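Chemist: Below is the structure I would like to discuss, written out as structure tokens.
The values are calculated or read from the model by the stated rules, or taken from the named source; none is laboratory data. What you see is a predicted model; the values in this text were computed from it and never measured. Glycine also receives a Cβ, built like all others from the backbone with ideal geometry; neighbour counts cover every protein chain displayed. Just so you know, the surface numbers come from the protein's heavy atoms only, side chains and all, with ligands and any DNA or RNA stripped out. Shrake-Rupley method; radii C 1.70, N 1.55, O 1.52, S 1.80 Å.
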Amino acid sequence: MQIETKDLKAITKKFFAVYGAHDVEAMTALCADDAKGRYAPYGREYVVPVRGGLNAFWKGFTQAVPDFHVEVVEMLQAEGNAIVVQAVLGGTISADAPGGIAKKGDDIGIPHAYIIRYNADGKISYIDCYWDNTSINSIKASAL
């Protein structure tokens, strides 16, 4: 069953709004019970459930960066019940990053691309996420 584009976009906007508000439970509630996802920089085979997998990452990001924020740049309807999202996720880093990528106290933003698929009930069933892993690895290294 095809869901109206406006409905998919509204659900997607809510997903990213509650992410920016650090409400991981609300994010998870927008997902089907058997939803899965893949964070591509971790490898082609890195597919995990949302519950007990991705939601732990989401919680970690929002706890590690107290002013973590999300800006949705663009949403595009894809085939079927899928939305493609370009977003910038970021916040203030706690230490200088190597290579001059950012200085302690800088509010950095890392571009992300998501492909979000929905089931017939309007719940997220699968999430693919891509980002610039070089930037994130530099920032992680600076925090050690």
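Chemist: What residue, of 59, 140, 104, is at pLDDT 85 or above, surrounded by fewer than 16 Cβ atoms within 10 Å (Cβ to Cβ) and basic (Lys, Arg)? Working first, answer last.
Modeler: Values: 140 fails: at pLDDT 85 or above; 104 fails: at pLDDT 85 or above.
Unique residue meeting the criteria: 59.
Chemist: Turning to a different aspect of this structure: I want to confirm something. Restricting to the range 24-46 and keeping residues that are open to solvent by 60 Å² or more (accessible area, probe 1.4 Å) and either of a type in the set (Gly, Ala, Ser) or modelled with pLDDT of 95 or more (or both), which single residue is nearest to residue 91 (Cα to Cα)?
Modeler: Per the criteria, the residue is 25.
Chemist: Sticking with this structure for a sec: Please go through the range 29-47 and pick out each residue that is in contact (Cβ under 8 Å) with a residue 12 or more places away in the chain, of a type in the set (A, V, I, L, M) and over 14 Å from residue 124 (Cβ atoms).
Modeler: The one that is in contact (Cβ under 8 Å) with a residue 12 or more places away in the chain, of a type in the set (A, V, I, L, M) and over 14 Å from residue 124 (Cβ atoms): 40.
Chemist: Moving on. Being touching a helix residue (DSSP H, G or I) at 6+ places or on another chain (Cβ under 7 Å), within 25 Å of residue 6 (Cα to Cα), modelled with pLDDT of 90 or more and not basic (Lys, Arg) is true for just one of 120, 82, 87. Which residue is that? Full working, then the answer.
Modeler: Details: 120 fails: touching a helix residue (DSSP H, G or I) at 6+ places or on another chain (Cβ under 7 Å); 82 fails: touching a helix residue (DSSP H, G or I) at 6+ places or on another chain (Cβ under 7 Å).
Answer to the selection: 87.
Chemist: Now a separate question. Considering only residues that are in a strand (DSSP E or B) and among the aliphatic types (A, V, I, L, M), look in the range 54-80 and name the one that is nearest to residue 10 (Cα to Cα). Don't jump to the end; show me each part of the working.
Modeler: Step one: of the range 54-80, the residues in a strand (DSSP E or B) are 69-77.
Filter again for among the aliphatic types (A, V, I, L, M), leaving 70, 72-73, 75-76.
Values: 70: 16, 72: 12, 73: 15, 75: 10, 76: 12 Å.
The selected residue is 75.
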